[in-house]
Structures are given as C-alpha cells and as structure tokens.
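Take a look at the structure below.
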Amino acid sequence: SPIKPAYKIVTVILMSAILFLSAGCVKETVTEPLGNESLAFSARLSDEATKAMPTVNLDQKNAKIIGYIYHEWPSEDQVNSFVPLEALDKKLYKFDGDQLVTADEAEIVKWSSFPTSNNEKLKVYSYSPESLDFTTDIISDGAAAVHCLPSLTYEVSTDISAQTDIITAVSEVSTKFRKNIPLTFDHALTAIKFRSGFDEAIKVNSIQITNVKNTGTYTIGEGWDELNGNQTYSVTFEGGKNVLPGGMITDDNDGNLLFMLPQTFDDNSGTEVILTYNTDQTIKTSLKGSKWEEGRMITYTLHKEIQANTSKMIYFDLAAGNVKISSGGYSGKI
C-alpha cells in the first residue's frame, strides 16, 4: 500500500521528537554540570574614585562572610529575630586573585547544603580586614541577644599607624546560583592627606585636625550612624619633615594617611586644621561647611597667603574644585 511508507516516515519523526524532548527533560532536571560545587566569590573594588585608596589589591587578603537564607527578606521589625546561616556566620575566606575562596578546606560550604525550594535566596555580607568585630548579636540591659544585620561599633585610633582601611560588600543570589557570587567592595571610611602648596620649601613639624567625631556604628550596606566624640588627630615629624613646593606632607606611602569617620562640619563643629612648620610658624583654618564622604579620599593642599602681614589663609584643593577658606568662611565648591 502507498500509505505504509508515509506511515513509517511519520513514525520515525515522532520517535525522534520524543527522544529529543526526553533528552531535553533530563537536562532540565539535573544540577548544572559545570556549576560550582562549593561556595566561592568574585571580588572587585567599587570604582575609579576609590582606586586611589590604599586597598587597591585584594589578592592574599582575608575577609569574612556572613550569610542569610530567606524566602522573603524580613521587615525592619522582623530582622531582629533573623538568624545568620550557621555555615556562613563570620566564615573566613581569602582572596585568590579576584576570587574569594574558603580559607579552611575543612570548612568548605557546599551549594547542595542550601534549600532550593520556594525560590529561596542567599544574601551575603563581607568585610575586610577580618579582625574587625562585626556582629549580628545585640544584648541590651541584660536581656537575651537579638539579631540584626552585621554591624560594628568603631573608634578611630589616635595612633595614626594603627588606623586601617575598611572595605565591605553585599550580594544576593538564588540558592540555585552555583557560580561565583559577585562582590563589589566599597570603602567605609574617608581617607585624608595633605600636600604643600607653598612656593618655597618648608620643614613641617606637625599637622593637626581638631574636634573630630571619632566613634560610631557602621552597618554593612546601610552606612554610619550614632557619630560621637571630640578628638584631635596629630601627625608629628620628629626633627621636622622637609617638604618641597607641591610635595606631600602626609600620604599612604609613609604610613601617615588618616582614615576618618565620614561626617559633616557645621557651625558648631569647631573643627580646625593646624599646620606648624619651620619650627614655630603656624597657620590654621576652620573646616566649617566641609563634608567627608564615605569611600572618598580628600587631599588638602595647604597654601599660605599673607596680606599686609596680618591675614593668613589656607586653600583646600578638593576633588570638586579649589576652595578658599579664611576666618570669614569659604568660597568655591566642596
């Protein structure tokens, strides 16, 4: 019959389609064969503006990870009872090039240990240096500890050499992700350094910033609050430091870079920069109206201008433009 060959052709086509669809179903139901088995992270610093900051190379540095598994991210009220994932509660990782990998091979966290139903998600918080005392536990008035997002009560050391850069990151993925979790690290503090704008070489004895808020609480992903304090920070050069015109007075190469809490200086701050040079000469100015932004490096270029031998002023060279500050205030942009 002429119908039989056509029947055979249709049968072959149908069987091929069934096999093709079956193979497709198998691929849909297995874990991605090329996916990571254990948790790892890709890492980078945030942007070009922060590339001038001291932490520019993450390789061989350590960081800690705090993780949460969730279906719906809790409200502000509920987060106080939201417990971090035990396997990722301040777990130590190390930077290997642009990756974060488990520092202790005995404590590798497997993707398969996470729930994958109901569209669960994994949210991770990371910080470096790992010695910082970030915590998710808060104990108040002797009551039982409650939980919150990773936070740190921080005080800026008056020992300049002991001050450190702080970088943090937040990322969120599905528990089915199976790849390197991307982390973009931001700088949590403001870096301050000083340059000479004098026309002549000078010998700097010291430079001070007075009346600076030096304690606060930092929450990763949310920033700083509860700033307090009234501290003076001094960089003193024994025997004086010879600085050529345009030369750096302090910077990260000699360990005198200042890492300060982000803050704004208003009429009540009383914050001043005081430069003592050539043994007994001093110039100073108010920082009223200035703002130290999180993750920024500010270079103050100090210029001396004498008018009729009575007026002394300093100019501040900021990223947004030159600012002229005198006892009467400032002009220009900050």
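Quick rundown of the values:
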item: Convex hull per residue volume in Å³, alpha carbons only, for region 114-182; result: 126
item: Area accessible to solvent at D104, 1.4 Å probe radius, in Å²; result: 70
item: Equivalent ellipsoid semi-axes - Cα gyration tensor, region 85-235, angstrom; result: 38, 21, 13
item: Net charge of Cβ neighbours under 13 Å - reference T217; Lys, Arg +1; Asp, Glu -1; result: -4
item: Whole-Hz couplings from phi, Karplus 6.51/-1.76/1.60, listed for region 123-137; x for Gly and Pro; result: 10, 10, 10, 10, 8, 8, x, 6, 6, 5, 9, 5, 9, 10, 9
item: Lys/Arg +1, Asp/Glu -1 at C-beta; region 103-142 dipole; positive extreme among S128, A103, S113; result: S113
item: Euclidean distance of C-alpha centroids, region 150-203 and region 227-264, integer Å; result: 16
item: Over 19 Å between alpha carbons, listed pairs K203/K291; K90/K110; K241/K291; K123/K176; K61/K193; result: K203/K291; K241/K291; K61/K193
item: Radius 15 Å from Cβ of A63, net charge of other residues (Lys, Arg +1; Asp, Glu -1); result: -4
item: All-pairs Cα distance distribution in region 170-301, expressed in whole percent, bin size 10 Å; result: 11, 36, 28, 14, 7, 3, 0
item: Long-range HN-HN contacts of G240 with modeled amide H, under 5 Å; result: none
item: Solvent-accessible surface ranking, highest first, for K291, K241 at 1.4 angstrom; result: K291, K241
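The values are calculated or read from the model by the stated rules, or taken from the named source; none is laboratory data. What you see is a predicted model, and the numbers here were worked out from it, not measured in a lab. We place every Cβ from the backbone using ideal geometry, glycine too, and count neighbours over all the protein chains shown. Only protein heavy atoms, including side chains, enter the accessible area calculation; ligands, DNA and RNA are left aside. Shrake-Rupley method; radii C 1.70, N 1.55, O 1.52, S 1.80 Å.
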